[in-house]
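Notes follow the structure.
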Amino acid sequence: MSINETSRAYGAQKSSIREIAAYAGARKAEIGAENVFDFSLGNPSVPAPDAVRESIERSLALPAAQLHGYTPANGLPAAREAVAASLTRRFGDGTASAGDLYLTCGAAASLSITFHAVVNPGDEVIVIAPYFPEYRVWIETSGATCVEVLADPATFQVDVAAVAAAITPRTKAVVINSPNNPVGSVYSRDNLAALAGALHEAEKGLGTTIYLVADEPYREITYGAEVPWVPSVYDRTIVCYSYSKSLSLPGERIGWVLVPPTNPDHDDLILAIAGAGRKLGFVCAPALFQRVLMDCVDCPSDVEAYAKNRRALTEGLSALGYEFIEPEGAFYLWVKALEPDAEKFFERAKALELLPVPSDSFGCPGWVRVGYCVSYETIVNSMPAWKKLAASYR
Ligand code: PLP
């Protein structure tokens, strides 16, 4: 065949999350939405803040060329200035200026651009398993190998010794995601400092450069935990962000890449990020939503609905004897499967109309991810099914 086989293979590969979500949709049509407990997707259930709608309405009054025209490849200066000012207010002077930012179509584009900007063919990029499955696709298509390192199985913090052991002369980057999808963990400052120490030591020992890619779409969704600003812990950090979760705008595709001014390779990286955007055709993020950022970067996300769901789910499952990692952020609960094979556990859950995602999809055996970005009623009404599922193992 004359078409690109790798691309065809990615197209043909099944995404378990999408498959379960499609099954849930079909099942809801069959037996009624209220009888299916779909915990599969990470689609925010909290509506976008009113300020987003108000901002869009104001923009609609602009002349068409301004409203719908091309922006600079890296985004409107005023939008980048708004983001930089917000980051500076929150994390201190010198955190960012407009020139350090490249606006993107969400975290997917931020990460693809970043990998294309830093890796050369044959390089390795370390991910902390369990991890968001698309990382592998973006890493491999940038020409690198995706190297999985399991998180500490007790705490799901980064297992720093395991990362250190996995570093080779070809390691170009380590990706971290905190607050974490799928676990809901938040990496502590001590954990990040230990990771930074290990990366510096490896750089020194090997004479190489290792970037820390901080993927942070869930930064604003926390339940009291501190989410340390990673560039203040490790100098060679690149931050990838998205408003998909924080402003509940996943379909609008808006986010950014930040090369902090403290990154020693700042100027080259800024050029490489621009070049990667150009290479991939990821230029000029949606103009209307760039304008939304000018008004809404500091809109507080209403995480109360997620907090309420989190309480109901953790209290309910705990009373039924399930083990899970207490979530500190994002909107996922990482629940231990009641048998070693998470797929088999999932099949039993599915027979009871419970649809979490088995952990094998995230590169880790023995757990399921329960996305609680659903209605409160879904959580409450699912409890009898969770009870039946637990009882079936006694
Ligand atoms: N990174 C993580 C950890 C995610 O969970 C997601 C989406 O669910 C993404 C990146 C991609 O986000 P976006 O919708 O902004 O492309």
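Within the accessible area of segment 341-382, the carbon and sulfur atoms contribute 52%, probe 1.4 Å, all protein chains present. Length available on full extension from residue 16 to residue 204: 0.36 nm per residue minus the Cα-Cα distance, which gives 63.7 nm. Under the convention that each Lys and Arg Cβ holds +1 and each Asp and Glu Cβ holds -1, the size of the dipole of segment 56-146 around its Cα centre is about 300 debye.
Taking the inverse of the mean reciprocal distance over all distinct Cα pairs, the Kirkwood hydrodynamic radius of segment 12-151 comes to 19.3 Å.
Across segment 1-143, the relative contact order, built from alpha-carbon pairs under 8 Å that are at least six residues apart, equals 14 percent. Accessible area of residue 46 (1.4 Å probe, protein heavy atoms only, ligands and nucleic acids ignored): about 20 Å². Charges were assigned to the Cβ only: +1 to each Lys and Arg, -1 to each Asp and Glu. The resulting dipole of the chain about its Cα centre is roughly 660 debye. Each residue was assigned an accessible area with a 1.4 Å probe, and for residue 289 the value is about 20 Å².
Note that segment 208-222 has calculated 3J(HN,Hα) couplings of 10, 10, 10, 8, 10, 9, 9, 8, 10, x, 9, 3, 7, 9, 9 Hz, one per residue in order, obtained from phi through the Karplus relation 6.51 cos²θ - 1.76 cosθ + 1.60 (θ = phi - 60°); glycine and proline are x. Close amide H pairs (under 5 Å, H built 1.01 Å from N) link residue 150 with 129, residues at least 5 positions away or on another chain. So if R0 is 41 Å, what FRET efficiency would residue 165 and residue 30 give, r being the distance between their Cβ atoms, rounded to the nearest 0.05? Plugging the Cβ-Cβ distance into 1/(1 + (r/R0)^6) gives 0.25. Contact order for segment 293-369, expressed relative to its length and based on alpha carbon pairs under 8 Å spaced 6+ residues apart, stands at 22 percent. In this structure, the amide hydrogen of residue 333, modeled 1.01 Å from its nitrogen in the peptide plane, lies closer than 5 angstrom to those of 370, 371, 372, counting only residues at least 5 positions away or on a different chain.
Each residue of segment 60-75 was assigned a 3J(HN,Hα) from its phi angle through the Karplus expression (A = 6.51, B = -1.76, C = 1.60, θ = phi - 60°), giving 4, 7, 6, x, 3, 5, 6, 5, 10, x, 4, 10, x, 3, 8, x Hz with x at Gly and Pro. Among the cysteines of the chain, those whose beta-carbon sits 4.7 Å or more from every other cysteine beta-carbon are 105, 146, 240, 284, 364, 373. Probing with 1.4 Å while keeping every protein chain in the model, the per residue accessible area of segment 183-303 equals 37 Å². For segment 1-130, the solvent-accessible area works out to 51 Å² per residue, with a probe of 1.4 Å and every protein chain left in place. A simple charge model with +1 on the Cβ of Lys and Arg, -1 on the Cβ of Asp and Glu and nothing else charged puts the dipole of segment 122-247 at about 120 debye relative to its Cα centre. The portion of the accessible surface of segment 42-183 made up by carbon and sulfur, rounded to a whole percent, is 56 (1.4 Å probe; DNA, RNA and ligands excluded). Derived value for the chain: Kirkwood hydrodynamic radius 21.9 Å. Basis is the mean of 1/r over every pair of different alpha-carbon atoms. FRET efficiency for the pair residue 193 and residue 60, taken as 1/(1 + (r/R0)^6) with r the Cβ-Cβ distance and R0 = 51 Å, rounds to 0.60. Per-residue Karplus couplings for segment 232-241, computed as 6.51 cos²θ - 1.76 cosθ + 1.60 with θ equal to phi - 60°, are listed in order as 7, 9, 9, 5, 8, 8, 10, 9, 10, 9 Hz, Gly and Pro entered as x. Surface calculation, 1.4 Å probe, protein heavy atoms: residue 156 sits at approximately 10 Å² accessible.
What percentage of all Cα-Cα pairs in segment 265-394 are separated by more than 24 Å? Tail of the P(r) past 24 Å holds 48 percent of the pairs.
Averaging the sequence gap over all C-alpha pairs within less than 8 Å and six or more residues apart, then dividing by the number of residues, gives the chain a relative contact order of 24 percent.
One way to sum up the overall shape of segment 336-385 is the equivalent ellipsoid from its Cα gyration tensor, whose semi-axes run 20, 12, 8 Å, largest first. Taking every DSSP helix (H) stretch of at least 4 residues in the chain, weighting each as -39,500 (n - 2.57) and dividing the sum by the residue count yields a mean residue ellipticity at 222 nm of -13000 deg cm²/dmol.
The values are calculated or read from the model by the stated rules, or taken from the named source; none is laboratory data. The model shown is predicted, which means the values in this text are computed figures rather than measured ones. All Cβ positions, glycine included, derive from the backbone under ideal geometry; neighbour counts span all protein chains shown. The protein model used for the area step is the full one, side chains on, heavy atoms only, and it has no ligands, DNA or RNA in it. Shrake-Rupley method; radii C 1.70, N 1.55, O 1.52, S 1.80 Å.
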